[in-house]
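Peer 1: For reference, the structure I am asking about is given below.
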Amino acid sequence: MKDILADRTGKIDASGIRKVFALAAELKDPVNFSIGQPDFDVPDALKEEAIKAIKAGHNKYSQTAGDRLLREKITERIKNEFGWERPAVLVASGVSGGLLLAFMALINPGDEVIIPDPYFVMYKHLVNMLGGRCVFADSYPDFELPVEKIAEAITSKTKLIIVNSPCNPTGVVYSDEQMKALAEVAAEKEIIVMTDEIYEKFCYDGKCPSIANYYDKTLLLRGFSKSYAMTGWRLAYVAASQSLSNVVEEMTKIQQYTFVCAPTPFQKAAIAALDYETSDLVEAYRKKRDLVYEGLGDKFELVKPGGAFYAFVKAPGAAGATQFVEKAIANNVLIIPGNVFSEKDTHFRISYATSDDKIEQGIEILRKLA
Ligand code: PMP
């Protein structure tokens with residue numbers, strides 16, 4: 001069987017998460033801290049918009065770059081937020097879709113992509129699959145944006161720097177100063193910065209800064225999956241200033257030959273989603289963040305997350321995180337070992353996107369294991 005597979009399949013490794021799922025298969029009603037999606041459902045008003053769109057016959061392909069009205073609305077938002085005149089906008093099938101298109105449009109074999117470690121797992125595997133080389137900039141132990149390390153890592157082969165704030169898996173939100181500093185570093189060699197802002201709404205201690213405010217060679221990715229709990233609707237957008245319009249154009253061309261377009265009726269619902277007020281949902285998630293931080297902060301080494309719905313916690317003892325994760329799973333708590341998101345295996349990720357009861361139950365068990 002092995003001989004029929006393309007070489008690139010050997011560059012993808014799903015073993016970390018698979019191991020957790022294999023261990024979890026036997027559990028009854030576990031505390032599930034492993035899932036990267038909100039525990040609420042799509043708001044009813046947005047479900048109605050999707051149903052309305054289906055009934056109105058918006059069931060065929062949309063334009064490759066996305067529904068005209070949705071793109072117009074996104075364009076207006078981006079213009080107002082970043083002051084970009086005529087921004088390039090592409091509606092993608094999830095941020096995942098946008099990432100694949102961006103990497104395909106930008107990465108030649110041997111090109112280097114600088115990624116703060118820990119990182120969202122998809123970056124590494126997609127870059128590897130396309131023959132690029134990941135260069136990791138260590139952000140332990142505080143998980144702040146490692147601007148100096150990124151600057152030191154730049155070579156003549158550097159194609160892209162990736163920023164993800166609020167960050168999966170750490171929940172850390174990078175400051176304005178850090179974003180400005182990175183913008184200066186990138187501008188010196190005119191390196192493109194890709195900013196993954198899928199958790200932009202889940203921001204608990206003030207507004208989340210965007211590097212797009214400080215650097216025009218920024219490729220911005222924002223999604224609908226997390227903000228409105230529509231992970232299955234596969235919707236996101238990519239935006240850039242005119243200085244990167246050729247990149248977005250090439251991405252659109254690749255979309256034409258791959259995804260074709262994002263799901264049309266859900267694009268119609270996304271127009272309403274852009275105006276949907278999420279502050280109540282975010283407030284509920286701020287409380288969950290506090291529950292986790294207050295519940296574990298005195299027993300574990302843990303940076304207070306400022307956004308997203310993750311906490312990246314140092315595993316106790318010297319045995320490494322994987323061993324602690326196995327122990328936690330044996331005690332009915334599903335967590336993910338840090339080496340899924342990092343070159344190190346010292347921490348574990350908690351996703352607190354679950355009910356407050358489950359969070360309290362999970363905290364109690366983890367405290368006993370500390
Ligand atoms: N980026 C980050 C940082 C994520 O955590 C996720 C989802 N886990 C994605 C991108 C992909 O999300 P989607 O494809 O659903 O938009």
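Peer 1: Which percent of the accessible area of the stretch 173-252 is formed by carbon and sulfur heavy atoms (probe 1.4 angstrom)?
Peer 2: 44 percent
Peer 1: Continuing with this model, one more query. In what order, largest first, do GLU112, GLU301, GLU184 sit by accessible area if the probe radius is 1.4 Å?
Peer 2: So, going from the largest accessible area down, we get GLU184, GLU301, GLU112.
Peer 1: Take LYS189 and LEU23, extend 7 Å from each Cα along the Cα→Cβ direction, and tell me the distance between the two endpoints in nm.
Peer 2: 3.8 nm
Peer 1: Grab the DSSP H runs of the chain that are 4 residues or longer, score each as -39,500 (n - 2.57), total them, divide by all residues and round the 222 nm result to the nearest 500 deg cm²/dmol.
Peer 2: That calculation yields -12000 deg cm²/dmol at 222 nm.
Peer 1: Hey, what do the phi angles of the stretch 46-60 turn into as Karplus ³J(HN,Hα) couplings, whole Hz, using 6.51/-1.76/1.60 and θ = phi - 60°, x for Gly and Pro?
Peer 2: Values per residue, Gly and Pro as x: 7, 4, 4, 4, 5, 5, 4, 5, 5, 5, 7, x, 7, 10, 9 Hz.
Peer 1: Using a cut-off of 11 Å between beta-carbons, work out the net charge of the residues near ASN108 (Lys and Arg +1, Asp and Glu -1, ASN108 not included).
Peer 2: So the surrounding residues net to +1.
Peer 1: Can you tell me which of LYS55, LYS299, LYS288 moves the most in a GNM of the chain? Springs connect C-alpha atoms under 10 Å apart.
Peer 2: LYS55
Peer 1: Next question. Could you identify which residue out of ALA186, ALA22, ALA262 has the top mean-square fluctuation in a GNM of the chain using Cα springs shorter than 10 Å?
Peer 2: ALA22
Peer 1: How much solvent-accessible surface does MET104 expose, in Å² to the nearest 10, with a 1.4 Å probe and all protein chains in place?
Peer 2: So the heavy atoms of MET104 present about 90 Å² to solvent.
Peer 1: Follow-up. Given the options PHE259, PHE143, PHE341, which has the most mean-square fluctuation in a GNM of the chain, springs set between C-alpha atoms less than 10 angstrom apart?
Peer 2: PHE259
Peer 1: I need the phi-derived Karplus couplings for the stretch 66-78: 6.51 cos²θ - 1.76 cosθ + 1.60, θ = phi - 60°, integer Hz, Gly and Pro marked x.
Peer 2: Calculated HN-Hα couplings, in order: x, 3, 4, 5, 5, 5, 4, 5, 5, 4, 4, 4, 5 Hz.
Peer 1: Oh, and also: What is the sum of charges, Lys and Arg at +1 and Asp and Glu at -1, for the other residues whose Cβ falls under 9 Å from the Cβ of LEU221?
Peer 2: -1
Peer 1: How much length is gained if the chain between TYR61 and GLU294 is pulled fully straight, taking 0.36 nm per residue apart and subtracting their Cα-Cα distance, in nm to one decimal?
Peer 2: Additional length available on full extension: 79.1 nm.
Peer 1: Under 21 Å between alpha carbons, and skipping anything fewer than 8 positions from LYS287 in its own chain: which lysines qualify?
Peer 2: Of all the lysines, those that pass the test against LYS287 - Cα under 21 Å, at least 8 places apart if same chain - are LYS201, LYS207, LYS226, LYS299, LYS304, LYS358.
Peer 1: When the solvent-accessible surface of protein heavy atoms is calculated with a 1.4 angstrom probe, in what order do MET122, MET179 fall, highest first?
Peer 2: Descending order: MET122, MET179.
Peer 1: Roughly how many Å is it from the Cα centre of the stretch 263-298 to that of the stretch 162-194, as a whole number?
Peer 2: 23 Å
Peer 1: Under a plain spin-label model, where a point goes 7 Å from the Cα along Cα-to-Cβ, how far apart in nm are LYS368 and GLU343?
Peer 2: Result: 3.9 nm between the two label points.
Peer 1: Apply the Karplus curve 6.51 cos²θ - 1.76 cosθ + 1.60, θ = phi - 60°, to the phi angles in the stretch 162-167 and return the couplings in whole Hz, x for Gly and Pro.
Peer 2: After applying 6.51 cos²θ - 1.76 cosθ + 1.60, I find 9, 10, 9, 9, x, 9 Hz.
Peer 1: Sort THR252, THR218 by heavy-atom solvent-accessible area, probe 1.4 angstrom, most to least.
Peer 2: Output order, biggest surface exposure first: THR252, THR218.
Peer 1: Probe of 1.4 angstrom, ligands and nucleic acids ignored: what's the accessible area per residue over the stretch 184-304, in square angstrom?
Peer 2: Solvent-accessible surface per residue comes out at 41 Å².
Peer 1: Share of antiparallel DSSP beta bridges in the chain, in percent to the nearest 5?
Peer 2: 50 percent
Peer 1: For the stretch 244-284, list residues with backbone N below 11 Å from a point placed 7 Å from the Cα of ILE54 toward its Cβ?
Peer 2: Under 11 Å, as judged by backbone N against the label point of ILE54, lie 265-266 of the stretch 244-284.
Peer 1: Roughly how many Å² is the accessible area per residue of the stretch 36-134, as a whole number, for a 1.4 Å probe?
Peer 2: Spelled out: the 1.4 Å probe surface of the stretch 36-134, per residue, equals 46 Å².
Peer 1: A further question follows. Taking the full set of protein chains and a 1.4 angstrom probe, give the accessible area of CYS208 in square angstrom, rounded to the nearest 10.
Peer 2: 20 Å²
Peer 1: Amide H of ASN164: which non-local residues (sequence gap of 5 or more, or other chain) have their own amide H closer than 5 Å, using H built in the peptide plane?
Peer 2: Those lying under 5 Å, H to H, from ASN164 are ASP196.
Peer 1: Please list, or write none, the lysines whose alpha carbon is within less than 19 Å of the alpha carbon of LYS217, excluding same-chain residues fewer than 8 places away.
Peer 2: LYS79, LYS157, LYS159, LYS180, LYS189
Peer 1: Given labels modelled 7 Å from the Cα in the Cβ direction, how far is it in nm from GLN242 to ASP44?
Peer 2: A separation of 4.7 nm, rounded to one decimal place.
The values are calculated or read from the model by the stated rules, or taken from the named source; none is laboratory data. Model, not experiment: these values are computed from the prediction. Cβ sites come from the backbone with ideal geometry, for glycine too, and all protein chains shown count toward neighbours. For the accessible areas, the whole protein counts, side chains as well, though only heavy atoms, and no ligand, DNA or RNA atoms are used. Shrake-Rupley method; radii C 1.70, N 1.55, O 1.52, S 1.80 Å.
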